[in-house]
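Q: One structure coming up, written as structure tokens, with questions to follow.
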Protein chains: 4
Amino acid sequence: MTDAIVHSPETPLWPRIRHQLREPFAEFWGCLILILLGDGVVAQVTLSGGKNGDYQSISWGWGLGVMFGVYAAGGISGGHLNPAVTLCSCIYRGFPWRKFPIYLVAQLLGCMTGAALVYGNHRSAIDVFEGGKGIRTVGLPTSTAGIFCTYPAEFMSTTGQFFSEVIASAVLQFAIFAINDQKNLAAGPLAPLILFFLIFAIGACLGWETGYAINLARDFGPRLVTAMIGYGSKVWTTGNYYFWVPIIAPFIGAALGGFFYDLFLYTGDESPLNWPYMGFDRIFYLLGKKEAPRIEHDMGMVEEAPSKEEIAHFSNSPNVSS
Amino acid sequence: MTDAIVHSPETPLWPRIRHQLREPFAEFWGCLILILLGDGVVAQVTLSGGKNGDYQSISWGWGLGVMFGVYAAGGISGGHLNPAVTLCSCIYRGFPWRKFPIYLVAQLLGCMTGAALVYGNHRSAIDVFEGGKGIRTVGLPTSTAGIFCTYPAEFMSTTGQFFSEVIASAVLQFAIFAINDQKNLAAGPLAPLILFFLIFAIGACLGWETGYAINLARDFGPRLVTAMIGYGSKVWTTGNYYFWVPIIAPFIGAALGGFFYDLFLYTGDESPLNWPYMGFDRIFYLLGKKEAPRIEHDMGMVEEAPSKEEIAHFSNSPNVSS
Amino acid sequence: MTDAIVHSPETPLWPRIRHQLREPFAEFWGCLILILLGDGVVAQVTLSGGKNGDYQSISWGWGLGVMFGVYAAGGISGGHLNPAVTLCSCIYRGFPWRKFPIYLVAQLLGCMTGAALVYGNHRSAIDVFEGGKGIRTVGLPTSTAGIFCTYPAEFMSTTGQFFSEVIASAVLQFAIFAINDQKNLAAGPLAPLILFFLIFAIGACLGWETGYAINLARDFGPRLVTAMIGYGSKVWTTGNYYFWVPIIAPFIGAALGGFFYDLFLYTGDESPLNWPYMGFDRIFYLLGKKEAPRIEHDMGMVEEAPSKEEIAHFSNSPNVSS
Amino acid sequence: MTDAIVHSPETPLWPRIRHQLREPFAEFWGCLILILLGDGVVAQVTLSGGKNGDYQSISWGWGLGVMFGVYAAGGISGGHLNPAVTLCSCIYRGFPWRKFPIYLVAQLLGCMTGAALVYGNHRSAIDVFEGGKGIRTVGLPTSTAGIFCTYPAEFMSTTGQFFSEVIASAVLQFAIFAINDQKNLAAGPLAPLILFFLIFAIGACLGWETGYAINLARDFGPRLVTAMIGYGSKVWTTGNYYFWVPIIAPFIGAALGGFFYDLFLYTGDESPLNWPYMGFDRIFYLLGKKEAPRIEHDMGMVEEAPSKEEIAHFSNSPNVSS
């Protein structure tokens, strides 16, 4: 919508307001869908006693949540659904830093609303499973707190928890950069489907030890909801105060994964790693001039890079359509 | 087929008749396939005592039913296969209201025929499972009524049943609008495959409590068939007269899901939510003039919307080909 | 390869010979892959006692067999891999009848070779499972004949077996016509993937009662191999001489499924059902003139049919590339 | 990147270095991802005692590992991730032989690093499973060596092991050639997804007897790591010195599979099988002239081959973009 149209008196009021909020709206609804399906599958498997699903269902359910969350948000906000992904977009792909807090809040609120819906939908089933109306516990065989956020396996030390979350988040970001790299085998219109497989992969292959939170919003948001609705302080203390691990580790892991992809494989000039001095001159000389010199040409391999036109056939991502 | 060709004496009689009935025919066959596979998988899992499939097979089977139902009908009638989807097409996307009853009848008849075929195919296996020739029961461990239509989990109150069906139907419609939104990451030619994943997602993540009917035709049609073939009045009374929930709730849920998608994310001007006064002036001033004024231009974000030509590369849906 | 090039003395001998045999070669290798994977998965599940797979693996394995069989043969011979599909191509899509026996023989030989390879690969595991070197039995708990071809569930009457195979084959052909119909939602380059889902669907939803042979070559070929390698005459007599059902029923079922698709949904003029008198005049007046009059124009719905150019973007099937 | 740009003083140092090493870097990271996911899933299934996954998860996990390994490396190095695939590219598709050792080393190092990461991530869980800190065993019920590399089923003779690995590797290469054959139904942009299904197929249908190593780097690399970190000499001696089978058999099997595909189905003139004397004159007359005469024209079937332009729509593989 051009500015002329947005401010035209012909345009109804709500579309004009919505136009300003489209990106946070999209992240909110994407995250809501993510949790509605993701926490939903854990609820179903847990509360049915494994009769209506098993660990594999959980791996799929989270993949499906991401897939449909991305279909809801992808064409509008980019479909990050994860503050760590937003962070890496800022660091490595020139996504505006000022949007980071807005995205974070929208993601968190979306995940919290999703968790509240899952809770509302399974209230009576939780009563039955916990053994009485209003009983809500953490860490017992009949506990249901694990429906909403992750708790680590018992034998894990804090270092182990941290390492596990960092690896899973690094794989997440490394793969996201790979499937969006137009100079590599970009997934193009298959991207939401491939993200399903990616989350499924992380769940099936790297997910057992900590439950693969890999996302502050997905873990902290619903954890906050469980604290509010009566699961008590054990949601914070369990696993030696594990709750902060999925707050910090995903950012570190994703930043690391993105770093390795860009350092070794990425040739686009959006990444500071392809700038002179790897962009560090920007930090040192920040006040000297507005923008450090960037190389103008592209680092790709000329012989093998698919032409812009060819890419356009396979990608409906907005930035190649121009 | 142009009118000239349709009425040409050269055109054989049957193609001329069929031309008038293509849409209901397509919905009929799509729904028949849907139930043949969907009820088929439940029959196989139930009657083999879980040896030839489990709950996951059921989630997949319904997804596969929708997928191949949509492949059968999608290019002809749009492949709704669900009156609630037809309703939302009428409300939010300008689908002609006069087609609603025709689609509803075709969908219902298709589902009934599919259920009859599944029954015919498994008659002797049902006899074995129920414990004798002609025994047909509801709600016992050896009952087989659950093959054909949904029955809720026992602990569910009617409110809970209703809430659960509304949420599942809302997710269904929200996601259908998302994957068909050309300004978002439209699924294009992947649509039938993505619908498989959508139905699988609803089954795996939101399906346990009521069996995710989310479709009047899919639930009421086969239920009618079971009433006809001797399962008795318990098909209506079980679950505190649950049968009406999947008749009403899918419409409400789908309307709600469509409403949220259009209110927060959709910018196309087919949706009344993007008209002045959200289209309500149309209702109030219905008699005053034939059509309320609509905004002429599109609400999309100009910078990010993929061009029409680009979309055409990924979508074989008829409405973008012109 | 033009005739000029084929007969050019510059062209090496083998490519010239191969050019004449490309289609049967493709069907042979496609069927070999089909059975190598399909019988392979049954072998693995059976011989490992369900430890390395279960019924779902079998549904997937056959789907994967068809998928990679079609990738091997699809661009060369059409990838029928099933005489019933070849038959329907002849009846409804103008595929030359003279090729039918060639395809049938190639398919049968491919399936037999595949079964022999699976047998060779699992010889010692079969010895272990059957309880002794060279013991080969049918119908006992330790029997392994079911690895190679289908045997019906015990409670099935011959009528039931026949009905079940006819339905499954009809769904197969109906869906194959749907996903190849350029006026419907044609699967285009997704076709082999969608065929995986189709075979998976038939296995999961319609496969329990008879094991969904739905293919003379897939069932009779390996059955012949088991008879040769010592499984005895019970491969023919079991299930009240069931062996002839998967020889006859797939042809009838596929013809029926194709008939329904063309009668109600297909508008292309390759199908005799869209000719005057549904093509029957061709039979009655066969001697009168060489070819009955066919309608020249296409029966499609002009408003909704995607343009030829649009289709070309999604399909790499040869006939739309011109 | 043209040579002019690479050697331009404007181009930062690291991109200039990286440009020379892009292909081995890509193979390294692709293999690292492959093993991180593949060995990761076996670790998860083994160490959780089957609670967090089963044999099917393992089939999927390896498929997912290949898929994301190929997304990481495919557009840069071709995404071989397997020395046997590199070998067949050299023999049958004109891939430069001088790159073979470089690829082999990069693949081996990537697999070793991946295995080390999986080991680091699961160290405490392995301690718990093996029954004590630092205990590492092979071949017992509580052993964990099978997480990292393959061990054959007990009843297998060395011949049987060899035959099994040869068949699986032949299917792998045959299918890889099929899905990359632009004159057949080339998978194009779906290729990484189809490779997921291919590895899943081999695991589900051909993988039980030896664990489908089908790859020197994937098996020998991690085996070396286990020898280094204390699993002892049994990693070499188990299964009658089985370790050399997945070193030799994948090369033989892949070469065989590629041979059959090219001999019977491939018509492109990159393959020596389509040259005069099948390329053997090259060997005999190697010193006589620099290059044996090759047929200039293409062996394809002119009528059915899709045009180059059409292919371009579906494939983002580098070699069709020119």
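Q: Counting other C-beta atoms within 10 Å, which of C:GLU209, A:GLU130, C:GLU10 has the fewest, and how do the rest follow?
A: C:GLU10, A:GLU130, C:GLU209
Q: Further question on the same structure: Could the peptides A:93-99, C:122-128, C:27-33, C:112-118 be put in order, highest first, of the mean number of other beta-carbon atoms found within 10 Å of their residues?
A: Ranking the peptides A:93-99, C:122-128, C:27-33, C:112-118 by packing returns C:27-33, C:112-118, C:122-128, A:93-99.
Q: Across the range D:30-157, what fraction of all alpha-carbon pairs, as a whole percent, falls in each successive 5 Å bin from zero upward?
A: All Cα pairs, binned at 5 Å, distribute as 2, 11, 17, 19, 17, 14, 10, 6, 3, 1, 0 percent.
Q: Computed FRET efficiency, Cβ-Cβ of B:GLU10 and B:ASN240, R0 56 Å: what is it to the nearest 0.05?
A: The formula returns an efficiency of 0.40 here.
Q: Right, something else. Rounding to the nearest 20 debye, state how big the charge dipole of the range D:19-274 is about its Cα centre with +1 on each Lys and Arg Cβ and -1 on each Asp and Glu Cβ.
A: Value, rounded to 20: 480 debye.
Q: Could you tell me what % of all Cα pairs in the range A:19-274 have separations over 32 Å?
A: Roughly 18 percent, once rounded to a whole number.
Q: Right, next: Show me, for the range A:180-197, the HN-Hα J-couplings you get by feeding each phi into the Karplus relation (A = 6.51, B = -1.76, C = 1.60, θ = phi - 60°), rounded to Hz, glycine and proline as x.
A: Going residue by residue, I get 9, 7, 5, 8, 9, 7, 4, 6, x, x, 7, 3, x, 5, 5, 5, 4, 5 Hz, with x marking Gly and Pro.
Q: Here is a further query. So, in nm, how far is label D:TRP97 from label D:VAL128 when the simple model puts each one 7 Å beyond its Cα toward the Cβ?
A: 5.3
Q: Can you put A:TYR151, B:TYR266, B:TYR71 in order, fewest other beta carbons within 10 Å first?
A: Ranked by crowding around the Cβ, least crowded first: A:TYR151, B:TYR266, B:TYR71.
Q: How much net charge surrounds C:ALA168 when only the other residues with a Cβ under 13 Å from the Cβ of C:ALA168 are counted, with Lys and Arg +1 and Asp and Glu -1?
A: Summing Lys/Arg as +1 and Asp/Glu as -1 gives -2.
Q: When you look at the Cβ of every residue in D:60-70, what mean number of other chain Cβ atoms sits within 10 Å?
A: Values: counts 7, 6, 1, 2, 7, 2, 0, 6, 11, 2, 3.
Across D:60-70, the average partner-chain Cβ count within 10 Å equals 4.
Q: Which FRET efficiency, nearest 0.05, do A:LEU140 and C:PHE155 yield, Cβ-Cβ r, R0 41 Å?
A: After rounding, the FRET efficiency stands at 0.35.
Q: Which distances, shortest first and in nm, link D:THR142 to the matching position in the other copies, using label points set 7 Å out along Cα to C-beta?
A: List, nearest first: 3.3, 3.3, 4.7 nm.
Q: What net charge is computed for the residues neighbouring C:SER89, neighbours being all others with C-beta under 14 Å from the C-beta of C:SER89, Lys and Arg scored +1, Asp and Glu -1?
A: -2
Q: Still on this structure: Tell me the relative contact order for the range B:19-274 as a rounded percent, counting alpha carbon contacts under 8 Å between residues six or more apart. Don't skip to the end; give the middle numbers.
A: Numbers: 433 pairs, mean separation 67.0, N = 256.
The normalised contact order for the range B:19-274 reaches 26 percent.
Q: Quick one: 3J(HN,Hα) in Hz for the range D:250-260, Karplus 6.51/-1.76/1.60 with θ = phi - 60°, rounded, Gly and Pro as x.
A: x, 5, 5, x, 5, 4, 5, x, x, 4, 5
Q: Spelling out what I want: for every residue of the range B:226-238, take phi, set θ = phi - 60°, compute 6.51 cos²θ - 1.76 cosθ + 1.60 (Karplus), and round to whole Hz; glycine and proline get x.
A: 5, 4, 5, 9, x, 7, x, 6, 5, 5, 9, 8, 4
Q: Now for a separate question. Using a 10 Å cut-off around each Cβ, can you sort A:LYS133, B:LYS183 from fewest to most neighbouring Cβ atoms? Don't jump to the answer; show the numbers that get you there.
A: Working: A:LYS133 10, B:LYS183 20.
Going from least to most buried by this count: A:LYS133, B:LYS183.
Throughout, read-outs are computed from the coordinates displayed, never taken from laboratory work. No experiment lies behind these values; they were computed from the predicted model shown. All Cβ positions, even for glycine, are placed from backbone atoms using ideal geometry, and neighbour counts span all protein chains on display.
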